[in-house]
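S.K.: Structure in structure tokens, see below.
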Amino acid sequence: MPESTAHQTVLCFDFGLKQIGVAYGQTLTGTAQGLAIFKASDGVPDWSKVGGLLEEWKPDLVLVGLPLNMDDSESDLSQRARRFARRLQGRFNIVVAMVDERLTSREAKSMLREQQRDSRRQGKLSDLTKIDHLAAALILQSWLEHPDLGTPP
């Protein structure tokens with residue numbers, strides 16, 4: 001983990017077995033936004049698409065959400081997220097840190113439901129299965145507010 005968070009660009013991945021959400025943020029403005037959702041097969045993305053995204057955004061740091069249980073214990077999914085983070089680090093020679101992601105998917109669904117209510121008023125619909133990039137943005141936003149939350153994969 002870098003010592004200083006001054007003016008860094010950061011990508012964050014919300015790991016999942018079927019989908020992996022990605023968000024972009026920067027320390028200069030302290031803001032994060034959802035960027036993309038990659039399909040995954042049993043947690044394995046199309047690495048060429050991931051590489052293309054990393055090449056396009058050139059982040060100084062990559063975060064991966066760590067899905068811990070509420071009692072701080074790790075699950076099988078936690079171990080798989082760590083493996084994904086190590087693969088990112090090894091394949092692309094980038095700095096990667098893990099960030100506790102508890103409750104971010106729930107918060108993202110809540111945000112999306114609120115947007116859905118607003119969209120219905122305007123005659124649009126939102127898909128609640130497409131929240132992974134929003135969850136990634138919430139994970140990244142929590143790190144931007146508390147950079148000491150990052151831990152090695």
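Throughout, read-outs are computed from the coordinates displayed, never taken from laboratory work. A quick note: this is a predicted structure, and the numbers were derived from the prediction, not measured. We place every Cβ from the backbone using ideal geometry, glycine too, and count neighbours over all the protein chains shown.
S.K.: Most exposed first by the Cβ proxy, i.e. fewest other Cβ within 10 Å, how do Thr9, Thr27 rank?
M.R.: Numbers: Thr9 14, Thr27 18.
Ordered from fewest to most neighbouring Cβ atoms within 10 Å, Thr9, Thr27 come out as Thr9, Thr27.
S.K.: If R₀ is 35 angstrom, what is the calculated FRET efficiency for the pair Asp42 and His7, using the beta carbon separation as r and rounding to 0.05?
M.R.: E between Asp42 and His7, to the nearest 0.05, is 0.40.
S.K.: Sticking with this one: Which parts of the stretch 59-85 would a label at Arg102 reach, counting a residue when its backbone N lies under 17 Å from a point 7 Å out along Cα-to-Cβ?
M.R.: 65-79
S.K.: Which distance in nm do the two modelled labels at Asn93 and Ser73 give, with both placed 7 Å along the Cα-to-Cβ direction?
M.R.: 4.1 nm
S.K.: What ³J(HN,Hα) values, in whole Hz, does the Karplus curve 6.51 cos²θ - 1.76 cosθ + 1.60 give for the stretch 142-149 when θ = phi - 60°, with x put for Gly and Pro?
M.R.: In residue order, the calculated couplings are 5, 5, 4, 7, 9, x, 6, 6 Hz.
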